Amino acid sequence: MSPALVPNPMTDLSTQLIHHGYTPPAGFAAPQPGVFKASTVIFPNVAAMRSTEWKDKSGYTYGLHGTPTSFMLEERLCTLEGGLQCLLVPSGLAAIANVALALLKTGDEVLIPDNAYGPNKTLAEGELKGWGITHRFYDPMDPSDLSAKISSRTRLVWLEAAGSVTLEFPDLLELTRVCRRHGVISALDNTWGAGLAFQPFDLEPGAGTGLGVDVSVHALTKYPSGGGDVLMGSVITRDVGLHMRLKLCHMRLGLGVAANDVEAVLRALPSLELRYQAHDRCARALAQWCTQRPEFAQVLHPALPASPGHAHWQALCGAASGGAAGLLSVIVHERYRPSQVDAFCDALRYFKLGYSWGGPMSLVVPYELASMRLAWPSHLARGTLVRFSVGLEAVADLQADLQQALTRLA
Ligand SMILES: *Cc1c(COP(=O)(O)O)cnc(C)c1O
């Protein structure tokens, strides 16, 4: 097992991730960790078989319960997000499901922001509803709406910053305070922030309040993998009791991850911050350019002063890294028919049509927002929404691509 984390004074995250504690095998001092693959783990005798404990990670018992390789990634992700315990699951959506299944039972209610990652909502509308667990969607831009919707049956509140697809930035600190006041567990989908834009377990850095979310889930599929070639998720906590509830459910559901996938994420983590900054710079430049285009009624990107929730983004992320990820959305003016917007998307050459984000290649998806929300949000212009995830290509090339494809709208 690897030794404790490299302590301060190395506060820089990239430095910490690159110099994370690792003891190589004797006589082989390569800095890159080995990849251990196993279902079976051999015990020296029956007594050891009976007494080896996997729950506290003091021993190895079975591949599903962890290997030196998976433990290493768990520790590094705790460093990244400022957590103390981590579970690895086969996808970001599996992380969401792990939290819901561990913490909710028949008769309970879960509250989900109306701009949540879509499959989080459909899990509630499907399996959870079938098991007698109710859900309600709240307005993430209005903490009083969350407060009003929490009832004696509410057991879990989902948070997301920025919101999926529409990228509004909520007052995460206030939403977390509301959950605290009502004694309800808060779980953040931290895929956008990636542990870099802000600290999910310390939303008031420097204030010493330690106020943060209870659970952070992360689709490692996106920025931590960075290659568009791995599906994985994590569930991070700072409370051992809460972690054990999640872990026992994780074990009973058999949510294992493959060693080669863990290796791919371990390999990509040292460049996470650099890649995030590059995506961020490029997305900001394109967002700025988009604001000048008459075809777009609105540009959604938290760092743009006119984007919904910009002040909340500024307050939370401005004090930390100032990061804003690599996503931007535009609302194409309603004078253009959806079929014209489809033609615009089809005409893009570098932005490929495809889901997900966080890899080197830029992607684009047109969305039918009306079918995704309780009602059309008042802070959004009418029109057709297109979401871009900016890869690692040159800004000038991506901008030229948008420009040539816009001629299809005319
Ligand atoms: C992609 C994504 C997920 C799900 O991740 P998968 O690994 O694709 O299942 C969850 N939340 C957000 C915000 C995402 O963008």
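What follows draws every value from the coordinates through simple rules; no lab data is involved. A quick note: this is a predicted structure, and the numbers were derived from the prediction, not measured. Cβ coordinates were reconstructed from backbone atoms using ideal geometry, including for glycine residues, and neighbour counts include every protein chain displayed.
Quick notes
- Qualifying trypsin sites (Lys or Arg not before Pro) in the stretch 243-335, where qualification requires a DSSP coil assignment and no more than 12 other C-beta atoms within 10 Å, comprise Arg335.
- Between helix 338-347 and the chain: long-axis angle, C-alpha atoms, 0 to 90°, nearest 10: 70
- Computed over the chain with a Gaussian network model linking Cα atoms closer than 10 Å, the most mobile of Leu353, Leu111, Leu328 is Leu353.
- Rounded tilt (10° steps) of 272-291 against the dominant C-alpha axis of the chain: 10
- Karplus (6.51, -1.76, 1.60) ³J(HN,Hα), θ = phi - 60°, over the stretch 196-212, in Hz, Gly and Pro reported as x: 10, 6, 7, 9, x, 9, 8, 7, 10, x, x, 7, x, 7, x, 6, x
- Measuring r between the beta carbons of Gln340 and Glu174 and using R0 = 41 Å, the FRET efficiency lands at 0.55.
- Built amide H within the under 5 Å cut-off of Gly354, gap 5+: Val364
- For the stretch 237-335, the Cα gyration tensor yields ellipsoid semi-axes of 36, 18, 16 Å (square root of five times each eigenvalue, largest first, whole Å).
- The number of Lys pairs in the chain with C-alpha atoms less than 19 Å apart, excluding pairs fewer than 8 positions apart on the same chain, is 11.
- Take the Cα of Leu253, go 7 Å toward its beta carbon, and the backbone nitrogen atoms of the stretch 147-161 under 19 Å from that spot belong to 155-160.
- If you plug the beta carbon distance of Thr122 and Ala30 into 1/(1 + (r/R0)^6) with R0 = 51 Å, you get a FRET efficiency near 0.70.
- Within the stretch 54-129, chymotrypsin sites (Phe, Trp or Tyr not before Pro) in DSSP loop having at most 13 other beta-carbon neighbours inside 10 Å: none
- Among Ser356, Ser70, Ser51: highest mean-square fluctuation, GNM of the chain, C-alpha pairs under 10 Å: Ser51
- Gyration tensor over alpha-carbon atoms, the chain, equivalent ellipsoid semi-axes in Å: 36, 26, 20
- Remark: the Arg267-Ser378 segment gains 35.6 nm on full extension, using 0.36 nm per residue and subtracting the alpha carbon distance.
- For the stretch 211-302, GluC sites (Glu not before Pro) meeting the loop criterion (DSSP other than H, G, I, E, B) and having at most 15 other Cβ atoms within 10 Å: none.
- The distance separating the Cα centre of the stretch 54-75 from that of the stretch 247-268 comes to 10 Å.
- Counting only alpha carbon atoms, the long axis of helix 395-406 and the longest principal axis of the chain meet at about 50°.
- Only one residue of Thr237, Trp357, Gly63 has its Cα farthest out toward the positive end of the dipole of the chain, where Lys and Arg carry +1 and Asp and Glu -1 on Cβ, and that residue is Gly63.
- Net lengthening on full extension, Leu211/Asp142 (0.36 nm per residue, minus Cα-Cα): 22.9 nm
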